[in-house]
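The values are calculated or read from the model by the stated rules, or taken from the named source; none is laboratory data. What you are looking at is a predicted structure, and each value in this text was computed from that prediction instead of being measured. A quick note on method: Cβ atoms are made from the backbone with ideal geometry, for glycine too, and the neighbour counts reach across all protein chains shown. Quick note on the areas: whole protein, heavy atoms, side chains included, nothing else; ligands and nucleic acids left out. Shrake-Rupley method; radii C 1.70, N 1.55, O 1.52, S 1.80 Å.
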Amino acid sequence: MSYAIRAEGLIKRYGDVFALNGVDLEVPAGTVVGVLGPNGAGKTTTVRILATLLRPDGGRATIGGHDVVGDPVRVRGLIGLTGQYASVDETLSAVENLVLLGRLLDLSGRQARARAMELLERFELTDAATRPIATFSGGMRRRLDLAASLIGRPRVLFLDEPTTGLDPQARNGLWDVVRGLVLDGTTVLLTTQYLEEADQLADRITVIDQGRVVAEGRPGDLKRRIGGQILHVRPTLTTDMDAVAGMLTQLTDATPDRDDNTGVMAVPTADPMLVSALVRRLDAAGITVDELGLRLPSLDEVFLAMTRQNTHSTERTPA
């Protein structure tokens with residue numbers, strides 16, 4: 001298998017604090033790998049090292065087979081980077097921003113303008129090409145920022161929380177753009193805190209917490225790792241919630257998660273017969289429900305379970 005990105009044992013420390021403490025990462029060419037983690041987990045630090053913006057204190061990383069420390073110039077010729085906030089110049093127009101970047105990448109004036117217009121058309125910004133960026137909406141700025149990262153036709157694209165602050169419609173539009181880039185052969189490393197985003201886009205997911213990789217795999221595989229399936233139930237009457245919670249605890253030996261606003265309770269289970277057992281108990285108690293079923297865990301539940309396990313492990317391990 002050909003890997004566009006490989007990292008082995010990446011370490012980055014600031015004094016006595018480890019931002020990264022042995023991160024391994026592999027991204028096959030032409031795929032999307034999502035990197036998940038809470039604030040301060042090490043996601044952006046990983047991206048900055050891979051993009052040659054930060055030097056690691058230990059470990060090794062390559063982009064397209066080129067070492068990020070030993071051959072940074074070559075690496076920069078292979079990558080594009082879109083950070084958490086738009087990096088375009090608000091006083092310039094969209095086309096002026098893109099032409100400027102093209103010229104900085106040694107394109108001729110004609111080549112830079114042609115590439116700029118090509119990207120503006122691709123990102124549906126042609127009508128706004130000559131408008132100052134200050135007049136753009138948040139979604140338009142993010143699309144232009146992504147277009148700017150593609151001026152040099154990168155083989156590998158780093159998207160560091162690219163939809164931060166976007167409304168759902170703008171986020172969905174950016175997702176469509178990313179899918180199109182992957183179809184064209186671009187490799188994407190996506191860091192995000194939006195679990196739905198990773199579920200929508202990523203072929204594989206790596207979960208980082210406290211500078212370490214705590215889980216990795218396909219989204220479906222990760223969901224199965226935290227208990228098979230989730231039994232969820234919503235009693236018709238909220239006054240029955242305590243009774244139903246007691247039944248779930250008796251059947252599973254686990255305290256169900258409950259949302260008092262929606263009336264939904266959920267508990268992980270590996271036993272598909274649990275639904276039948278619960279139905280019998282509900283019928284015997286004369287309790288009716290509006291919702292009852294089994295589903296795979298969401299990525300939100302995977303994320304919380306994995307990071308919670310890592311926190312408990314860290315608390316038990318002497319510093």
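Key figures for this structure:
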| read-out | value |
| --- | --- |
| The chain: most fluctuating residue of GLY286, GLY246, GLY138 per GNM, C-alpha cutoff 10 Å | GLY286 |
| Additional length obtainable on full extension of the chain from SER276 to ARG295, 0.36 nm per residue less Cα span | 5.3 nm |
| Gain in span if fully extended, GLU26 to GLU124, counting 0.36 nm per residue against the direct Cα distance | 32.0 nm |
| Segment 186-254, relative contact order [Cα under 8 Å, separation at least 6], % | 15 |
| Contour minus Cα-Cα distance for TYR14 and TRP175 (0.36 nm per residue) | 54.5 nm |
| For GLY263, net neighbour charge (Lys/Arg +1, Asp/Glu -1) across residues whose Cβ lies under 11 Å away | -3 |
| Label zone at ASP167 (point 7 Å along Cα-to-Cβ), backbone N below 11 Å, segment 180-216 | none |
| Taking all pairs of distinct alpha-carbon atoms in segment 172-217, Kirkwood radius in angstrom | 11.7 |
| Candidates THR31, THR206, THR130, ranked by Gaussian network fluctuation over the chain, Cα under 10 Å, top entry | THR130 |
| Cα centroid of segment 179-248 to Cα centroid of segment 2-45, whole Å | 19 |
| Förster radius 41 Å - calculated FRET efficiency between GLU196 and SER2, Cβ distance, rounded to 0.05 | 0.90 |
| By accessible area with a 1.4 Å probe, ligands and nucleic acids excluded, highest first: order of GLU161, GLU26 | GLU26, GLU161 |
| Helix 138-149 vs. the chain, principal-axis angle (Cα, 0 to 90°, nearest 10) | 60 |
| Structure-based [θ]222 nm, the chain - -39500 (n - 2.57) summed over DSSP H runs of at least 4, per residue, nearest 500 | -11500 deg cm²/dmol |
| List MET247, MET117, MET265, MET273, ordered by accessible area with a 1.4 Å probe, largest first | MET273, MET117, MET247, MET265 |
| Amide hydrogen neighbours beyond the local backbone of ALA19, cut-off 5 Å, H modeled | LYS12, ARG13, TYR14 |
| DSSP bridge pairs, the chain: antiparallel proportion in percent, nearest 5 | 65 |
| Of VAL75, VAL214, VAL275, the one that fluctuates the most in a GNM where the chain has Cα springs shorter than 10 Å | VAL275 |
| Rh (Kirkwood; distinct C-alpha pairs) - segment 41-84, Å | 10.6 |
